[in-house]
1. Can you sort Tyr541, Tyr24, Tyr875, Tyr266 by 1.4 Å-probe accessible area, starting with the largest?
2. How many Å² of accessible area per residue for region 571-683, probe 1.4 Å?
3. So how much accessible area does Ser872 have, in Å² to the nearest 10, using a 1.4 Å probe?
4. Leaving out ligands, DNA and RNA, and with a 1.4 Å probe, what % of the accessible surface on region 18-118 is carbon or sulfur?
5. Using a 1.4 Å probe, how large is the accessible area of Asp768, given in Å² and rounded to the nearest 10?
6. Tell me, what % of the accessible area of region 256-403 is carbon and sulfur with a 1.4 angstrom probe?
7. Sorted from largest down, give the three principal axis spans of the alpha carbons of region 550-629, whole angstrom values.
8. Which whole-number value in Å³ per residue fits the convex hull of the alpha carbons of region 571-683?
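The values are calculated or read from the model by the stated rules, or taken from the named source; none is laboratory data. All figures in this text were calculated on a predicted structure; none of them were measured in a lab. Using ideal geometry, Cβ is built from the backbone for each residue, glycine included, and neighbour counts are taken over all protein chains shown. Just so you know, the surface numbers come from the protein's heavy atoms only, side chains and all, with ligands and any DNA or RNA stripped out. Shrake-Rupley method; radii C 1.70, N 1.55, O 1.52, S 1.80 Å.
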Amino acid sequence: MSLSLPGKPHNIESSERVQLSGTYNVRKGKMQLAVNRWNRRCVILCGTCLIVSSVKDSHAGKMHVLPLMGGKVEEVKKHSHCLAFSSSGPQSQTYHISFDSFTEHLRWQRQASKMVSQRISSVDLSCCSLEHLPPALFYSQDLTHLNLKHNFLVPGSGLVELQRYGPPPQQSVLAQGGGLGRMAMAPHFGLFPKLRSLNLSSNCLREFPQAICDIPTLTEVNLSCNHLTSVPSAVGAMRNLQTFLLDGNCLSALPEQLGGLPQLAYLGLSFNEFQEVPTVLERLDSMERLCMSGNSLEVLHLQRFRLLRNKHVDLRLNKICKVIPDEPDFLQHMTHLDLRDNQLLELDASALPHLEVLRCDRNHLHALKICGSHLKILHASANELCQLEVFPIPGNLTYMDISRNHLESLPEWVCGSKRLEVLDISHNLICELPVCDQLQTCPPHPQLTVVSLPLAPRLFCSSSLRKLLAGHNQLRRLPERLERTPVEVLDIQHNQLAELPSNLFLKADSLRCLNASANQLESLPPSSLSEDSHSILQELYLTNNRLTDKCVPMLTGHGRLRVLHMAYNQLLSFPASKMAKLEELEEVDLSGNRLKALPTTIMNCRRMHTVLAHSNCIEVFPEVMQLMEIKCVDLACNELSELTLPENLPPRLQELDLTGNPRLSLDHKTLELLNNIRSFRIDQSTTPYSANEGPGAPAVWSHGCAETSGVKNKLCVAALSVNHFCESREALFGVFDSDRNVEVPYLMQCTMGDVLAEELHKSKSEDDYMTNTFLVMQRKLGTAGQKLGGSAALCHIRHNPMDSGGCFTLTAANVGKCQAVLCRDGKSLPLSVLHNISVAPEYDRVRLHKAIVTEDNKVNGVTDSTRIMGYSFLYPSVVPRPHVQTVVLTPQDEFFILGSRGLWDSMSVTEAVEAVRSVPDALAAAKKLCTLAQGYGCGDSLSAVVVQLSVTEDCCCCCELGAPPPPSPGLFPPPGGVAIRDTLPMPSSCSEISSEVSTSEMSSEVGSTASDESPQSALLQEAGAGVPFPLDARGGAVGACALHPTLLSCSFQRQLSSATFSSALSDNGLDSEDEEPITGVFSNGSRVEVEADVHYLRARERPLASLPPALPAPNVGTLNEGAELVTSKAEPVNKEVEQIDGSPPRGRPSTRGGDLSIRTLGKRRGNGSVAPHERSHNLIEVAADMPTKKQGGYFAAPAQPDPDDQLIIPPELEEEVKEIMKQHHQQQQQQQVQQEHRLCPLDQPPDYYYDTPL
């Protein structure tokens, strides 16, 4: 039995049914037989079966399944730690397994004994990679339930239809190998005489197994997801069938014989190809539940349901745009109607007088009419409702969700629902709740008389209301007249409330949770009128208001308060005496205020486990480490200077965040103590990225990250931030999230950057390399990605080499619910797209692959995202292909945000941008987003990355219109041998070509160079040449960009680089510890490193006499195998950019014009050096006996040499050596200038070469 289909788990160990597994010595058969030998095998106890496979084939899915129910598990006395597993039946088999220890022996014996002790009434062989049924299965006479879902049972030798009266069982099993066809002989031979339930879903049948129609005892059959195209007429023989599931197939019609099933009560036809309700269903008198979701119904005729006796009708995810009503007298039987995710504009359900549950979420409803006689539950969220009519007043209504609509006022009849317990009216336009008694008038009805009803009570006076969700509205005040209300949960966040009712806590004595965040509150009502308070309030969320210190005394009356969030208010202090009265506190959030210290009486809160106080002015570390229950402490972005810790940290401490405290310094002992914490964060010595990497240069981007675990104390998120990605002018940021696991986010955090770096240089376009990154990452998730999954969002900043008007490009990609948003000129610009079944192309793709969308809108009940990392067993319904979007960064771009699922579930992208736009620090901004999401009620893990941008017009080398942009940085340099020519006369002061474009590529043992500067700074220089900038009155260059400092026309810019070579005659150069080294000469073992000045300068074309005679400007070269630094002569004028091999360059347009052209790069050799293409000048010569190139030689010289490796020169010889070098230096200059004067004509300005001798 092989497991080879794509998208399925690669081995059985990925199943949740695996109880025990391991690799042990196994022997098959009886111990007395000498032919059987002990072999190392992979053994798995899965469900009620023992699975044995070879170690080599275990990952391929080739295995033997041994049913244990009714069998034996015996201890073998002759062998230590050995058990014998035997199956039941005449053809039972035995496996002997020798365990490595007594502990494993005992664990397996106990678990397997439970399996064999069960009766053989139910067999679960799901997810066992079966291609044939085990022969022993046909001897189970008492079998009543058989589960074979998620296998690979295909039509063939195992599933061929046998004749009703076939050969004897023993002969048939041996001849056919065991299959579903054997079930056809059940009535004659007595096989499966008691089988009642058969589950064959998610196999590869493609044809209806007619053999099961001859099993008269079946009451439940599940054939979902088998690509069935028709149902045979023989199905009418299953007279006892009560549940028949045919979901996820290709059915468009049903046979007439189906109407002859007298006991059929539940028929599943979801996600097929029906265009109307089959008429044969009118003959099914016993059917109560009909599921036809995910079909192609466009018009719903309620008249079709006259003869149907269905109580539950599920029509989700169809294309219904119109409902044609019928007379109420003919629809007395329907009680549950589900019309979610259709295309309805209006719905009149008043013709259903006995309707109890109505679900019509996610349509386009403007008006809704319902009969309220028996209405109990109403779901109508995510519509465009402006009018909601329910008549008569629903006296049995207990739950109503009308959130995310366009209601401007609460319907008057709501206050009259005496049994209403949960009311969700959030995300509407409601300005005021009912504050006084109103006379209720029945809405007009065509067949009813308009009558007047008694005065309706106020909403808060309802004796049944337990939970009121009224957030995200436009409420300016709450009713002042409050009676004894049983409300336990009150959510009024994101309104315009300036105050709360003065008697709120006095009258609402059952209130346990209050969320009033994101309002304009300046005060709080008292908890009692005396010192004795009976408040049972446990959770209080007041984040993002205007509360001051005067509100703190009002909190002392809530003695049972466990959670207090007062972040981002205007608190200057929190009196210690007030905190002492809140002894039951477990979680407190005081972030974003102006506190200078936390109250010392926080030690009285013995149950405290979370203290959040970032973004304050705290100078002294609080004594929270004395609390034994403390788990999380966040004091980031404060003014801490020292840290006082006890000798032993709290045993449950898991998170400590001290980032953003620049004055904080920790000794080694403290760091060693804190490193034992699971999540300990402290500032690292990193600097924001600057375009020119010069001291004092403005930063182009800087970032801040924040992560917060959820209520389950599991950090199921991860963040990725690389300021200098690939050691070049690039950056990479990412956020990864999963609902329940920590493995997938961690794997993506550790691996995705390396994958993108590899794919960056394999693909040409932004979409290709980013898409390939996600696809390759899917494969690298391995077994963890088979049953687990997670969302991901990546943002990659790189220089745009093709756009002369933009400096950097931002490429964003996402799958799942992680998103990114860019703030451009104060407005939000989404960079991500959510992929779920509400998107038409995604839903069509899921339907194409016959997946099922469950009632919670999840694909196969697993995930609500159709594009997500992991979950490979759902392929091809769920894929990891991301949405990719690329934008060119402009000076109007202020920052961008990456957030996890919990962040965007709590706030919109516009709100997130407005919340952090005024925060100058990126870390504080990321912290604020997570804190706001928690204050708004998010209990999941959170992660946010904020990257602040400072892009200016002169952030790239495109100093003049029409100038070619600089080459794109990356891991690897541009292709060797590219000759870059001038086009227009460019105002470029100088062009420096680094001798090392990329250290990893250009370094070698002989003839390689390593630049002192970072590679990206060298890459910023133009590869062509031009004339100097004209000088203004101050001597500065007119039109110079930020990357090019002002240079005089008669000067050159120094660039230090290390020319590293090897010599067999050189020693380590360490003569004495008291001797000082020569500047520029270093030694590392058998290598001698010489620091050489390599420069390149092109002067403005002028008469030769006006040129200074000693201006050196050598072209850049690299030491070849002969240890020579090479340059090439000037090429003729007006030639296009070309490569060394003569082919036209890729990725750069052809340019013409200019005065001079220089070939700056030669052909790259295997050791990483650059060899000359044609003519060259040997400027630096090395001894002839230099060792030849060896495999795996030396690394390049470090940019900053280690002082311990410096070559020490005796002090008495230092001055003499310096003088000799200076004289030789001057001689070389004069010789070089004279040589150039002889070679260059008078009408052509020469190039000057400068050499530093050894």
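1. Working: Tyr541 35, Tyr24 10, Tyr875 115, Tyr266 60 Å².
Highest to lowest solvent-accessible surface, that is Tyr875, Tyr266, Tyr541, Tyr24.
2. Numbers: 5340 Å² over 113 residues.
On a per-residue basis, region 571-683 sits at 47 Å².
3. About 30 Å², rounded to the nearest 10.
4. Values: 2500 of 5280 Å².
Ligands and nucleic acids excluded, carbon and sulfur reach 47 percent.
5. 80 Å²
6. Values: 2640 of 5690 Å².
Accessible surface attributable to carbon and sulfur in region 256-403 totals 46 percent.
7. 28, 26, 18
8. Working: hull volume 9.5 nm³, N = 113.
Per residue, the Cα convex hull of region 571-683 comes to 84 Å³.
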